[in-house]
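The block underneath contains the structure these notes are about, expressed in structure tokens.
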Amino acid sequence: MTDKTSNQMWGGRFAAGPDAIMEAINASIGFDKRMAEQDIAGSRAHAAMLAATGIVKSSDAEAMREGLLTVLSEIEGGTFEFSTALEDIHMNVEARLKEIVGPAAGRLHTGRSRNDQVATDFRLWVRDQLDAAEKGLEALMQALLGQAEAGADWVMPGFTHLQTAQPVTWGHHMMAYVEMFGRDLSRVRDARKRMNESPLGAAALAGTSFPIDRHMTAEALGFDRPMANSLDAVSARDFALEFLSVASISAMHLSRFAEELVIWSSAQFRFVTLSDRFSTGSSIMPQKKNPDAAELIRAKIGRIFGANVALMMVMKGLPLAYSKDMQEDKEQVFDAADNWMLALAAMEGMVRDMTANRPSLEAAAASGFSTATDLADWLVRELDLPFRDAHHVTGALVAMAEGKDCDLPDLTLADMQSVHAGITQAVFDVLGVHNSVSSRTSYGGTAPVQVRAQVARWKEVLG
């Protein structure tokens, strides 16, 4: 079989036959170069430890540490030439280090393997993303607190099944998302704490016979401790899976809010106006102002969910310790992190800039028999009716109002007494939407006093 025929069989993309295909499928430098900063930090910590333990000469270690800084500056400056023939970020850095410092660079890999090296780099990278997510969530929550405080007593409809249910306050609705993103924040912090152990020094899978100090490198890299089992250290990717799980839950919350913003900004609702910075126009309809940022958040979330499933599938059948399958652990995590951070930043911007349309909110809150539950509660409190009986009376009054094409407060006292003779003029005190929300003073309720208390609590928590 000729080389030309072989190339056609393997695919026209590859000019050099099976060898080129193997290089392409084996190389990870196209994406793992994103971990250059973490790789160099790990190598500098490892070099310092090798000198401190007497494994290499201090002069060699110092030359390697300084040379690594040169490599980092070249990468950050865009002058570093990455090679797919060198497969990954580790070999690319080490090859360039050898050009800079000479044979001493060959001592850098003493007492470690690419297996523990990549595990360390990846943990450091994911840890950085968790730190970024923490800041992003805190900023979004602060923006929501600002909205909640401004509209603590603005009434709006609360929905179940996207049908008007009971009046709530704008501040209460904003605080619901503060609570959701607050749980995301706690998951981020919890995940960071759990994954903050160092694989460095686990070597290929069994540790090393060199007298290394894994506690020293762990401390230098900001880890709490070294991982206690070398097999686990190079095999584990649950820290990345937990990152994706946390990201997926947070992304789901972002998507739910994005969906509400799409609905609320429509001409049919007019609950909010999004700023021009987070909206676009139509190429053909001049009246349009599209909530594109919210829609794109809603769509990008699927990539985060997909990354979570993809990495689960990569890992589910792997025996210990390292398998090349695990090279596929990074691209989806990188993509998910990028989209999560972008979605957090976009949502924060939308929340800070959006304007709630108070008259539209209040008008909608008063429609759809939203105070029917208040009427039923009044019948229980004032007339001592069993709740099921009160529910029946209220349902009859709602049906009457529907027949008259009016809302409950528009019924006359005579209308109401025709359903239940015990109803008095005092019932109208609970039928207004402002009275309704003010009465919901139970802990966690929608009353403005409760909203302001929760805003104050979260301000103190976030600092």
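The values are calculated or read from the model by the stated rules, or taken from the named source; none is laboratory data. Small disclaimer: the values here were computed from a predicted structure and weren't measured. Because the Cβ atoms are built from the backbone with ideal geometry, glycine has one as well, and the counts that use them run over all protein chains shown. The accessibility values were calculated without ligands, DNA or RNA, using every heavy atom of the protein model including side chains. Shrake-Rupley method; radii C 1.70, N 1.55, O 1.52, S 1.80 Å.
Each residue of the range 432-441 was assigned a 3J(HN,Hα) from its phi angle through the Karplus expression (A = 6.51, B = -1.76, C = 1.60, θ = phi - 60°), giving x, 5, 5, 4, 4, 5, 5, 7, 8, 8 Hz with x at Gly and Pro.
How much area per residue is accessible in the range 93-191 when the probe is 1.4 Å and only protein heavy atoms are counted (Å²)?
Numbers: 3470 Å² over 99 residues.
On a per-residue basis, 35 Å².
How do 383-391, 37-45, 432-440 rank on mean C-beta neighbours within 10 Å, highest first?
Numbers: 383-391: 14.3, 37-45: 23.0, 432-440: 19.7.
Sorting 383-391, 37-45, 432-440 by mean packing, highest first, produces 37-45, 432-440, 383-391.
Could you tell me whether the range 112-235 comes out rounded, prolate or oblate from its Cα gyration tensor? Rule is a ≥ b ≥ c as square roots of the eigenvalues, rounded for a/c under 1.5, then prolate if a/b exceeds b/c, otherwise oblate. The partial results should precede the final answer.
Values: a/c = 5.29, a/b = 3.48, b/c = 1.52.
Here the range 112-235 falls in the prolate category.
Of the peptides 205-215, 120-130, the ranking by mean beta-carbon count within 10 Å, highest at the top, reads 120-130, 205-215. How many angstrom lie between the Cα centre of the range 159-179 and the Cα centre of the range 46-79? What the calculation gives is 56 Å, centre to centre. Given +1 at the Cβ of Lys and Arg, -1 at the Cβ of Asp and Glu and no other charges, the dipole of the range 20-107 around its Cα centre is 280 debye to the nearest 20. According to the calculation over all Cα-Cα pairs in the range 185-256, the P(r) per 5 Å bin from zero is 3, 16, 21, 20, 14, 10, 7, 5, 2, 1, 0 %.
Just report the Cα centroid separation between the range 217-232 and the range 182-205, whole Å. That distance is 10 Å. The distance from the alpha carbon centre of the range 388-413 to that of the range 17-40 is 70 Å, rounded to a whole number.
Listed values for the range 293-302 are Karplus-derived 3J(HN,Hα) couplings in whole Hz (6.51 cos²θ - 1.76 cosθ + 1.60, θ = phi - 60°), namely 4, 5, 5, 5, 4, 4, 7, 5, 4, x, and x replaces Gly and Pro. Counting only alpha carbon atoms, the long axis of helix 448-462 and the longest principal axis of the chain meet at about 10°. Normalised by the number of residues in the range 240-330, the average gap of Cα pairs under 8 Å and 6 or more apart makes the relative contact order 31 percent.
Could the peptides 344-351, 403-410 be put in order, highest first, of the mean number of other beta-carbon atoms found within 10 Å of their residues? Kindly include the intermediate steps, with their values, before the conclusion.
Numbers: 344-351: 21.6, 403-410: 13.4.
Result, highest mean Cβ count within 10 Å first: 344-351, 403-410.
For the chain, the dipole from Cβ point charges (+1 on Lys and Arg, -1 on Asp and Glu) about the Cα centre works out to 480 debye, to the nearest 20. Projecting the Cα atoms of GLY463, ALA307, THR371 onto the charge dipole of the chain, computed from C-beta unit charges around the Cα centre, puts ALA307 farthest toward the positive end. Between helix 89-101 and the chain there is an angle of about 40 degrees, using the helix long axis and the longest principal axis of the Cα atoms. By the helix-only formula, in which each DSSP H run with n ≥ 4 contributes -39500 (n - 2.57) and the sum is divided by residues, the chain has a 222 nm mean residue ellipticity of -20000 deg cm²/dmol. Remark: relative contact order (the chain) = 16 percent; criterion is Cα-Cα distance under 8 angstrom and separation of 6 or more residues. Take every pair of alpha-carbon atoms less than 8 Å apart whose residues are at least six positions apart; their mean separation over the length of the range 20-107 yields a relative contact order of 40 percent.
Is there a quick way to get the dipole size of the range 367-462? I mean about its Cα centre, with the Cβ of Lys and Arg at +1 and of Asp and Glu at -1; what is the value in debye to the nearest 20? Mind dumping the intermediate values first?
Details: 7 positive and 12 negative charges, 111 e Å.
Its charge dipole is roughly 540 debye.
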